[in-house]
């Protein structure tokens, strides 16, 4: 067909999105399209998304004390929110420490942007079969519990010792995960930018070429605008949701950039759940049972070093 005839074709962008693109009949229509092109709009949308305030989660994964039934198995730990994996460790076998405890070393610092989940999921999986449905053991920390046990905005980490309970057998504890937690506010740009997003994936905006944009470029720009707008709305809703779960009277934290290193930071504090009274005869600073049949969250002084 002639390139000067006006014909419609469909450009499939994935995710069920299809954009109708027309070849242009003549140079006058090309110029009209350029005048209506949203290059500045895309740049403005990108800036707005980068400046969006977000809740930034930082985890210092240390180790998992394991039940001896899991000896000689290659295991990995996954951190998930809303069924999406934000991080997973390399698969490895646990080793026996000097106290004859089976310990899976992690030693990883992980940052994740909160995108609106109702809870934080930690899953222990056998290597090679680590779909969420086949996790060997897991622990869920509800969002409200997380925000009430961590001093949001503090540079001092809070220590969680989480019971990882067997899938389908909630009374069987297969491991105890030690993790140091910080929660701060940040801008998306400081938290890693658009590539840090998992719930709403935003395509990278096309670089400006300085010439006449092609139909493909216009279509991709439209797709970017739609996804960036959706992501910004989702992040704002997530931030508002977290703010509502903060303890009563808690001041909204000021924006800080993610910490790059724990060197020189104050030592970790132990998580304490305010609704549970402290028992001076108990080895734990506080113990609280996480609701909805989930595993127990311990704030404990015991750890294997």
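Would you call residue 99 surrounded by fewer than 16 Cβ atoms within 10 Å (Cβ to Cβ) and in a strand (DSSP E or B)? No: the conditions fail for residue 99.
Answer yes or no: is there a residue in the range 102-124 that is in a loop (DSSP other than H, G, I, E, B), over 30 Å from residue 246 (Cα atoms) and either in contact with a strand residue (DSSP E or B) (Cβ under 7 Å, 6 or more places away or on another chain) or in contact (Cβ under 8 Å) with a residue 12 or more places away in the chain (or both). No - not one qualifying residue is present in the range 102-124.
So is residue 180 closer than 30 Å to residue 69 by Cβ and modelled with pLDDT of 95 or more or not? Spelling it out, residue 180 is indeed closer than 30 Å to residue 69 by Cβ and modelled with pLDDT of 95 or more. For the range 156-176, the set of residues classified as under 23 Å from the mean Cα position of the chain (by Cα) and free of Cβ contacts under 8 Å to residues at least 40 places away in the same chain consists of 167 only. In this structure, is residue 155 part of a helix (DSSP H, G or I), closer than 21 Å to residue 245 by Cα and at pLDDT 90 or above? The answer is no for residue 155. Among the residues making up the range 227-249, those that are closer than 24 Å to residue 40 by Cβ, free of Cβ contacts under 8 Å to residues at least 60 places away in the same chain and either surrounded by fewer than 16 Cβ atoms within 10 Å (Cβ to Cβ) or within 16 Å of the chain's Cα centre (by Cα) (or both) are 230, 233.
The values are calculated or read from the model by the stated rules, or taken from the named source; none is laboratory data. Because the structure is a prediction, the values reported are computed rather than measured. Neighbour counts run over all protein chains shown; Cβ positions are idealised from the backbone, glycine included.
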